[in-house]
Amino acid sequence: MRRKTRVVDVSLTARQRRAGGRAARSRVPRSSHAEWRAPAGRPDPVAVLEEQARTRVDELLPIRYARMIVSPFAFYRGAAAIMAGDLAATPTSGAAVQLCGDAHLANFGTFDSPERDLVFDVNDFDETLPGPWEWDVKRLAASVCVAGRERELKRRQIAAAVTGTVRAYREAINGFAVEGNLAVWYSHVDVAGLVESIRRQGIDVGRLGQLERGLDRARRNTGLHALGKLTETVDGTIRFISQPPLLVPADELLSPEDRDEARASLEGLLRRYGASLGDDRRRLFESYRFVSMARKVVGVGSVGMRAWVVLLVGRDQHDPLLLQCKEAVASVLEPYAGPSAYTDHGRRVVEGQRLMQAASDIFLGWNAVPGRGTADERDYYVRQLVDGKGGVDVDVLTARGLAAYGRLCGWTLARAHARSGDRIAIAGYLGRSESFDHAVAAFAERYADQNERDHRALVEAVSVGRVPAAPAPA
């Protein structure tokens with residue numbers, strides 16, 4: 001079920017919308033966004049993570065904590081729930097957009113569009129929800145600061161990268177504010193054109209050759225390529241390999257007497273998922289045959305969530321379709337931004353992704369898996385496991401590279417927000433000055449300090465045995 005929401009008042013003229021955004025400056029000065037101080041009674045960050053863990057797979061939690069304690073940036077990737085509560089206490093101008101909810105540097109990347117062109121966009125929507133646009137901007141900006149510190153860049157270099165990221169967002173919103181609705185909707189980052197533009201301008205993004213090699217890897221990241229890494233053929237039958245705990249075939253997780261029931265449940269799951277696709281894409285999906293399924297550990301913050309990979313084949317085993325079926329729970333933003341308009345969290349993720357991305361996976365859909373009782377029912381969303389997916393390795397970026405990548409992410413986030421929110425009102429609020437840019441850069445530096453304190457708290461919790469941490473076998 002969906003409740004109606006509207007974030008743009010179409011009864012107002014563009015001039016009125018811009019004036020409304022400008023008027024918000026008197027209520028919430030742009031300089032106020034520099035504020036960050038942990039409030040009295042701020043929840044223990046480790047307790048927030050422990051609360052999340054209550055609904056996750058127990059045996060996988062040590063992997064999550066082990067990945068998060070590696071560095072402050074790794075911790076930041078898994079700390080969306082912690083920062084959601086912190087952002088709720090910060091100033092907002094009143095305009096809402098469809099939020100990514102976890103807009104850090106590592107959640108942007110490449111994938112193939114339906115036209116098979118490699119595009120760059122936001123690529124993680126587990127926490128998507130309508131809410132204040134400032135929350136995404138501040139999470140992105142703080143991630144640039146955290147990443148810069150991890151690269152041991154100079155303070156002025158980090159400040160320049162953060163300010164440039166926010167400036168790119170502001171300037172992009174101003175640009176989108178004067179464009180027509182369809183022009184905004186169709187705007188996107190074409191990767192081939194981006195690389196050519198970088199080369200033509202002679203811009204040093206820090207190891208351009210390395211960037212191009214990464215893009216080549218993304219282009220080769222197809223279902224057939226992944227098939228050779230994730231599966232094996234035994235007695236003429238293709239199946240997922242067993243690499244516990246990171247990749248475990250479903251048969252190994254079930255007793256023999258449960259396998260028939262599980263197979264029937266899976267067939268029902270796939271039918272319900274197919275119903276979430278358009279007729280044309282459902283017809284394509286139904287032309288594939290189910291072969292195998294396995295549990296696969298993914299990401300940092302997502303570790304412990306139930307995530308499955310499903311192998312189907314079309315014409316033959318050289319025509320694979322690899323799908324990821326990932327558990328969806330309530331967004332970490334819901335306690336602060338309100339409940340989702342969708343009662344099915346798989347659909348929440350899918351609809352948010354479709355709204356924010358310029359081009360989405362043709363197999364993007366959702367389903368709910370009924371359990372023996374209400375508490376056992378789980379929501380899932382489904383997408384292709386590999387389809388040109390790739391990303392920039394933040395760990396190798398130079399100062400110039402981090403600044404350039406931050407600007408790219410800032411523009412991309414602005415484009416995503418412009419599709420769903422009142423870009424004209426937001427532009428009116430931001431204006432042409434750098435006031436907001438510098439304010440958020442100051443926030444990012446202060447929040448990076450907070451993130452380091454929270455990271456140390458988790459390291460301490462692991463050291464005293466409060467939470468378990470054990471890296472997965474290589």
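No lab work stands behind these numbers, since they all come straight from the coordinates. Keep in mind it's a predicted model, so treat the numbers as computed, not measured. Using ideal geometry, Cβ is built from the backbone for each residue, glycine included, and neighbour counts are taken over all protein chains shown.
Odds and ends about this structure:
- 222 nm mean residue ellipticity, helices alone, for the chain (DSSP H n ≥ 4; -39,500 (n - 2.57); rounded to 500): -15000 deg cm²/dmol
- Here the chain is assigned +1 on the Cβ of each Lys and Arg and -1 on the Cβ of each Asp and Glu. Its dipole about the Cα centre then comes out at about 1620 debye.
- The 3J(HN,Hα) values that the Karplus relation (6.51, -1.76, 1.60; θ = phi - 60°) gives for segment 7-13 are, in residue order, 10, 10, 8, 6, 6, 8, 6 Hz. Gly and Pro appear as x.
- Given R0 = 30 Å, the distance between the Cβ atoms of Arg22 and Leu355 translates into a calculated FRET efficiency of 0.70.
- Amide H partners (placed H, <5 Å) of Phe108, local residues excluded: Asn123
- Projecting the Cα atoms of Val298, Thr237, Val310 onto the charge dipole of the chain, computed from C-beta unit charges around the Cα centre, puts Val298 farthest toward the positive end.
- Rounded to the nearest 0.05, the FRET efficiency derived from the C-beta distance between Arg283 and Val10 at R0 = 30 Å is 0.25.
- Summarising the amide proton neighbourhood of Phe120: residues at separation of 5 or more, or on other chains, whose placed amide H is nearer than 5 Å comprise Val189, Val191.
- Averaging the Cα positions of each part gives two centres, and for segment 22-68 and segment 118-142 these lie 15 Å apart.
- Remark: the Arg432-Ala183 segment gains 87.5 nm on full extension, using 0.36 nm per residue and subtracting the alpha carbon distance.
- Note on segment 223-384: Cα-only Rg and Dmax are 16.2, 54 Å.
- Of the residues Tyr336, Ala172, Pro39, the one whose Cα sits farthest towards the positive end of the charge dipole of the chain is Ala172 (charges of +1 on Lys and Arg Cβ, -1 on Asp and Glu Cβ, taken about the Cα centre).
- Equivalent ellipsoid semi-axes - Cα gyration tensor, segment 263-310, angstrom: 24, 13, 10
- Peptides ranked, highest mean first, by Cβ atoms within 10 Å: ranges 284-290, 341-347: 341-347, 284-290
- Across the chain, the fraction of Cα-Cα pairs farther apart than 39 Å, rounded to a whole number, is 21%.
- In summary, the convex hull built on the alpha carbon positions of segment 337-471 has an orientation-averaged projected area of 13.4 nm².
- Extension gain for Glu252-Ser463 works out to 72.7 nm (0.36 nm per residue, less the C-alpha to C-alpha distance).
- Only one residue of Ser276, Gly20, Val191 has its Cα farthest out toward the positive end of the dipole of the chain, where Lys and Arg carry +1 and Asp and Glu -1 on Cβ, and that residue is Gly20.
- In a simple Cβ point-charge model (Lys, Arg +1; Asp, Glu -1; nothing else charged), segment 223-384 has a dipole of about 380 debye relative to its Cα centre.
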